[in-house]
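Since every read-out is calculated from the coordinates, none of them should be taken as a lab result. Quantities reported herein were computed from a predicted structural model and do not represent experimental measurements. Cβ: placed from backbone, ideal geometry, glycine included. Neighbour counts: every protein chain shown.
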Amino acid sequence: MRARLHTILFLVWLPMLAACGPPEDSGYRGSLYFIQGSYLMRYNLRDGGLSAVTNLGNKQIREISPFGEDRLLISETASVNRKRVAQISWMDLDTGQTEALYPGVRARYLPGAGAIVYDDGRRLYSISVVDGTEVNTLLLAHRLNEVTAMVAIPGDRLLLGIRQAGVAEIQLFDLQTNQIDRLDGLTRVCRLDGAAWIGEEGRLACPIRASRNGEASYVLADLAGVVDRKLNLPEGKSFAALTFLEGQGALILKERWKSRFNEQKRAALWAHDISSGENVRLSEYKNLGSSVVYDEH
């Protein structure tokens, strides 16, 4: 009954949401994949069209992230032998095929090293997926759920957000050396949650730790914590970065606010041009959640 109700609500919701699209051509290309309930959805950056890719079934999806071309890594809670377990799976975007890989709560694929780094809640592992060995290498042992965020740096490095004894810090893991270093300078400036790596700048777009009125100001900072500049985002609005459009120079952000009359939470989608500083509101009343994957095709 619950699954049927979700399907009915989804069918009602989808056309209403699609009707609130942006102009016919936004100037951007490619798609954004995101989770809506039990559905994997696709948002067309060019025309704002929405489509359902597949129904993921009776699962709770925490995060999605890129896994090479036309595949996603999915951090999910699923039913296995009548038990709810946290696991990492992959999904083929063309066929909808899925396969469970490892027990875990968070994962990222590092294409330069051909490896997946995943966290099972207490331990951080790396595992090669290109040489056929699939041997787990223990990188870090930690207390339950202390790893709070991961941001991949294209190639073979990974930024880790870690909260120990209530104190947040950012660490850098290099898969070539298997070395993890504390980034004290970046920790003082940035929060990793809601951050995105800007490959064209070699910088992190991140919300600064000191914020006012719940509005996160974003800066571009290097790994040493040296701030290049503050992003020129519209004043008086609350933003969270979702992803960066490589090759198009645009940071995609979600604007969040509460409606004036009924206090319902609202969301809109923006694109910020990293070079020019121009901001474009792509759509209003579209909430893509907090985990988004960009595909240029």
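What the table below lists for this structure:
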{"read-out": "Neighbourhood net charge (11 Å Cβ-Cβ; Lys/Arg +1, Asp/Glu -1) for L288", "value": "+3"}
{"read-out": "Candidates per trypsin sites (Lys or Arg not before Pro) in segment 101-160, loop by DSSP, up to 12 other Cβ within 10 Å", "value": "R143"}
{"read-out": "For segment 81-193, convex hull of alpha carbons as volume per residue, Å³", "value": "135"}
{"read-out": "Three principal axis lengths of the chain [C-alpha, angstrom, descending]", "value": "49, 49, 36"}
{"read-out": "Segment 133-241: radius of gyration over Cα atoms, expressed as a fraction of 2.2 N^0.38 Å", "value": "1.13"}
{"read-out": "Efficiency of FRET from Cβ geometry, D193 and R229, R₀ 22 Å, rounded to 0.05", "value": "0.55"}
{"read-out": "Cβ crowding within 10 Å averaged over residues, with 228-237, 195-204, 178-187 ranked highest first", "value": "195-204, 178-187, 228-237"}
{"read-out": "Sites R29 and R281 - FRET efficiency at Förster radius 30 Å, r taken between beta-carbons, to 0.05", "value": "0.95"}
